[in-house]
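Take a look at the structure below.
The values are calculated or read from the model by the stated rules, or taken from the named source; none is laboratory data. Quick caveat: nothing in here was measured; it's all calculated off a predicted structure. A quick note on method: Cβ atoms are made from the backbone with ideal geometry, for glycine too, and the neighbour counts reach across all protein chains shown. The accessibility values were calculated without ligands, DNA or RNA, using every heavy atom of the protein model including side chains. Shrake-Rupley method; radii C 1.70, N 1.55, O 1.52, S 1.80 Å.
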Amino acid sequence: MAVEVAKVELKNVQDASGLEERISARQFTADQVVAVIGKTEGNGGVNDFTRILADQAFRRVLLKHGRRPPDEVNRVPMVWSGGCDGVITPHATVFAQNDKTGSAGKSRLVIGTAMSPVLLPEDIGRPAMVEKVAEGVRAAMRAAGIDNAADVHYVQTKTPLLTVDAVQDAEHRGKTVACEVHDSMGVSNGTTALGVGVALGEIKMPRAEQICKDLDIYSSVSSCSSGVELTQAQIVLLGNKDGAGGRYRIGHSVMRDALDIDGIYQAIRNAGLDLPERPRAEDLKGRVVNCFIKCEADRRAKLRGRRQIMLDDSDVHHHRHSKAAVGGVAAAAIGDPAVFVSVDAMHQGPQGGGPVIAIVDLAE
């Protein structure tokens, strides 16, 4: 099945008019929408309610214009990342599938979704979570029809984090948790990335003491978010498949640090666009649909040999510093501030950097 992709702007936290416009324009029907990945303008923290508001707005549009029952619409994966620091524009990338077929010899974008087994509070930050996420990623590969892990270029996940209630639930069952509530977002993301890496053969199964400690092991295609909205790993897997149909293709690379604009252009090349040796945004000719990037402040507090102060800033959290900085680099690279940049990138790309994924329209 061919995949259609559309990037739409969010004019406010409950705005889904962009999705409605694409449905009205018949780019796809409401019932063909299979996943949404978006940025909202909240604080990006545990209590970021903008993710829930955006989720509700998009699902209302699918119910209004489609024929799927509410329980089926509620199962459509929607991964919302909060926090539009710096120049990042709130937006969503919508993925839909139709029945168009392609030609052999042309590798095009495919998508598969899955849910992992239930993740308990005591699983977060431990090998059990790695194994459960890996199981879900393999299921998403099967759903996408991808046999070779090398054809997978992007795995976007949403997983649970710890709340006070979750910690108390574990304690009542005689279990312990691996971290504090406010550390659990990063720990959940990092552990999930290891599960992605294990499933795709990027890394071996880590030892318990390596989880969120040995940052030299990482996945190059994972982008992991977490929140209070669910109890399983929600997995959206994208790759390329011969004969899939459609006009979109996906590629990936890594940013080695927060200034690595070449990593962004390498992902675009990997997706299938020819670029000059020293590209600029104008060279893309509007054919980059979106870039998806993970980033994090380098724990060594250095950037290309220069001292960095974001980890010492008591006024502005380092997540906001790094997200704004990388968002600016990405927006300059593609000429569009509607870029997906997310933080808490443990085990997602190299320290101080992160995976970068590009989806391009080959316009054939």
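Things to note:
- Extreme residue, nearest to the chain's Cα centre (by Cα), among residues of segment 147-169 that are under 18 Å from ALA233 (Cβ atoms) and surrounded by fewer than 21 Cβ atoms within 10 Å (Cβ to Cβ): ALA149
- Whichever residue in segment 352-364 is in a loop (DSSP other than H, G, I, E, B) and out of contact with any Cys (no Cβ under 9 Å at 6 or more places or on another chain) and, among such residues, is most open to solvent (accessible area, probe 1.4 Å): GLU364
- Contact map, segment 287-302: first residue within 16 Å of LEU259 (Cα to Cα) and at pLDDT 95 or above, second residue in a strand (DSSP E or B) and polar (S, T, N, Q), Cβ cut-off under 6 Å, separation 6 or more or different chains; pairs are PHE292/SER223; LYS294/SER223; LYS294/SER342; LYS294/GLN348.
- Single residue of VAL221, VAL228 found to be modelled with pLDDT of 95 or more and β-branched (Val, Ile, Thr): VAL221
- Segment 86-127 - residue that is of a type in the set (Ser, Thr, Tyr) and open to solvent by less than 10 Å² (accessible area, probe 1.4 Å) and, of those, farthest from the chain's Cα centre (by Cα): SER116
- On the stretch given as segment 339-351, residues that are surrounded by fewer than 24 Cβ atoms within 10 Å (Cβ to Cβ) and modelled with pLDDT of 95 or more total 1.
- Residue list for segment 1-19, filter: buried (at least 23 other Cβ atoms within 10 Å of the Cβ) and out of contact with any Phe, Trp or Tyr (no Cβ under 7 Å at 6 or more places or on another chain): LEU10
- The selection criterion, being part of a strand (DSSP E or B) and crowded, with 20+ Cβ neighbours inside 10 Å, holds for LEU238.
- Taking the criterion of being at pLDDT 95 or above and among the aliphatic types (A, V, I, L, M), the residues of segment 77-97 that qualify are VAL87, ILE88, ALA92, VAL94, ALA96.
- Exclusive hit being assigned to a helix (DSSP H, G or I), among the small types (Gly, Ala, Ser) and open to solvent by 50 Å² or more (accessible area, probe 1.4 Å), set ALA267, ALA332, ALA324: ALA332
- On the stretch given as segment 136-151, residues that are closer than 19 Å to THR191 by Cα and free of Cβ contacts under 8 Å to residues at least 60 places away in the same chain total 0.
- Filtering segment 118-130 for residues that are in contact with a Gly (Cβ under 6 Å, 6 or more places away or on another chain) and hydrophobic (A, V, I, L, M, F, W, C) leaves a non-empty set.
- When segment 130-146 is filtered for residues that are outside any helix (DSSP H, G or I) and open to solvent by 20 Å² or more (accessible area, probe 1.4 Å), only GLY145 remains.
- Here the condition is being part of a helix (DSSP H, G or I), crowded, with 16+ Cβ neighbours inside 10 Å and in contact with a Pro (Cβ under 9 Å, 6 or more places away or on another chain); of ARG51, ARG22, ARG59, it holds for ARG59 alone.
- Matching residues, segment 270-307, being open to solvent by 30 Å² or more (accessible area, probe 1.4 Å) and either of a type in the set (Val, Ile, Thr) or in a strand (DSSP E or B) (or both): LYS302, LEU303, ARG306, ARG307
- Flag not set for GLY197, criterion: open to solvent by less than 10 Å² (accessible area, probe 1.4 Å) and at pLDDT below 95.
- Selected residue (only one of ARG68, ARG26, ARG59 is free of Cβ contacts under 8 Å to residues at least 40 places away in the same chain and at positive phi): ARG26
- Residue list for segment 244-264, filter: assigned to a strand (DSSP E or B), among the charged types (D, E, K, R) and either open to solvent by 70 Å² or more (accessible area, probe 1.4 Å) or out of contact with any Gly (no Cβ under 8 Å at 6 or more places or on another chain) (or both): none
- Residue in segment 170-182 that is aliphatic (A, V, I, L, M), in contact (Cβ under 8 Å) with a residue 12 or more places away in the chain and open to solvent by less than 20 Å² (accessible area, probe 1.4 Å) present: yes
- Qualifying residue in segment 64-74 (condition: in a helix (DSSP H, G or I) and open to solvent by less than 30 Å² (accessible area, probe 1.4 Å)): yes
- Segment 216-232, subset under 19 Å from TYR154 (Cβ atoms) and not in a strand (DSSP E or B), residue most open to solvent (accessible area, probe 1.4 Å): TYR218
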